[in-house]
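The values are calculated or read from the model by the stated rules, or taken from the named source; none is laboratory data. Model, not experiment: these values are computed from the prediction. Cβ coordinates were reconstructed from backbone atoms using ideal geometry, including for glycine residues, and neighbour counts include every protein chain displayed.
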């Protein structure tokens, strides 16, 4: 009833988690059965160890949160030798979010991940607003986006998902550019660039001044962009941005997403993904839907 496909990935249901909000999956194992998920995306992985941005780097906002973590991680070597052996036994789709400050770094990380048998896909992050080099620098220009995807495609043979930034004028143009360069799927949206000020202290709430806005506040923007991109490309679209319930997930599916990712809501309710899966099952039963694919893209 809930099975979907994203290129070569077969998902038992369309519910995945968003990078940067779910650690390496292990952190949530006490709350949910990870194998019930369609898949999960591990935190952003770079070529070498990154400490991320200075604190404070998270701030609560009305209906959302700002973050400027800055891709803190132990590097791809540590992931391959220490993290991967601990999670590779899980019977679900484990996807690695890949980032870098240069095309060479993207390619190096992707190539190392490609050798891991139980990692069927990567999510190429060309949309992070919280790093000074790389990230969103590539994702706001169609030519640059196509260039990095094309180079990664040369060294990476499995399912290649490209994560898009909303901080552009015409997101469908970026989506079509990465599709033409060899992407197998696109995921959107990453966070919206925002800012908050502590009026008592008379300074920005984040050390980096600006950061990425996520949570329910961005959902209408995300649904609109998913709808636009799904009409513009032939490759599968994965939708994310403010999803906290089955009803939220259904909006994205009806707008054209084949699957969804849950992000900020994991911090509020660590069981939210399971609640959404159960809610999707209930919706299908109530509306006599035998295959959730029947409602994908109906808008």
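Suppose we filter the stretch 251-282 for residues that are out of contact with any strand residue (DSSP E or B) (no Cβ under 9 Å at 6 or more places or on another chain) and crowded, with 21+ Cβ neighbours inside 10 Å; how many remain? Even if it seems obvious, please write down each step before you answer.
To start, the set of residues in the stretch 251-282 that are out of contact with any strand residue (DSSP E or B) (no Cβ under 9 Å at 6 or more places or on another chain) comprises 254, 265, 268-271, 275, 278-279, 281-282.
The next check asks that each one be crowded, with 21+ Cβ neighbours inside 10 Å; those that pass are 265.
Going through the stretch 251-282 one residue at a time, the tally reaches 1.
For the stretch 215-227, state whether one or more residues are in contact with a strand residue (DSSP E or B) (Cβ under 7 Å, 6 or more places away or on another chain) and under 18 Å from residue 69 (Cα atoms). Reasoning before the result, please.
Step one: list which residues in the stretch 215-227 are in contact with a strand residue (DSSP E or B) (Cβ under 7 Å, 6 or more places away or on another chain), which gives 215-218, 221-222, 225-226.
Of the ones still in play, those that are also under 18 Å from residue 69 (Cα atoms) are 215.
Yes - at least one qualifying residue is present in the stretch 215-227.
Within the option set 207, 185, being surrounded by 20 or more Cβ atoms within 10 Å (Cβ to Cβ), modelled with pLDDT of 95 or more and either on the phi > 0 side of the Ramachandran plot or out of contact with any helix residue (DSSP H, G or I) (no Cβ under 7 Å at 6 or more places or on another chain) (or both) holds for one residue only, 185. Annotation: residue 193 fulfils all but one of (1) touching a residue at least 40 places away in the same chain (Cβ under 8 Å); (2) outside any strand (DSSP E or B); (3) closer than 20 Å to residue 142 by Cβ; (4) in contact with a strand residue (DSSP E or B) (Cβ under 7 Å, 6 or more places away or on another chain); the unmet one is (2). Residues of the stretch 283-299 that are closer than 20 Å to residue 222 by Cα and surrounded by 18 or more Cβ atoms within 10 Å (Cβ to Cβ): 296 alone.
Identify all residues within the stretch 160-177 that are outside any loop (DSSP other than H, G, I, E, B) and touching a helix residue (DSSP H, G or I) at 6+ places or on another chain (Cβ under 7 Å); write none if there are none. Explain how you work it out, then say what you get.
Taking the stretch 160-177 first, the residues outside any loop (DSSP other than H, G, I, E, B) are 160-163, 171-177.
Those that are outside any loop (DSSP other than H, G, I, E, B) and touching a helix residue (DSSP H, G or I) at 6+ places or on another chain (Cβ under 7 Å): 160, 162, 171, 172, 173, 174, 175, 176, 177.
Scan the stretch 141-159 for residues that are modelled with pLDDT of 95 or more and in a loop (DSSP other than H, G, I, E, B) and jot them down. Those that are modelled with pLDDT of 95 or more and in a loop (DSSP other than H, G, I, E, B): 156, 157, 158.
Residues considered: 252, 138. Of these, the only one that is under 18 Å from the mean Cα position of the chain (by Cα), without any contact (Cβ under 8 Å) to a residue 40 or more places away in the chain and over 30 Å from residue 295 (Cα atoms) is 138.
Taking the stretch 42-140 and the helices (runs of 4 or more DSSP H) fully enclosed by it, the elements with 1 or more residues that are at pLDDT 95 or above, touching a helix residue (DSSP H, G or I) at 6+ places or on another chain (Cβ under 8 Å) and crowded, with 17+ Cβ neighbours inside 10 Å are at 84-87, 103-114. Within the stretch 258-299, the set of residues being touching a residue at least 40 places away in the same chain (Cβ under 8 Å) and on the phi > 0 side of the Ramachandran plot comprises 297 only.
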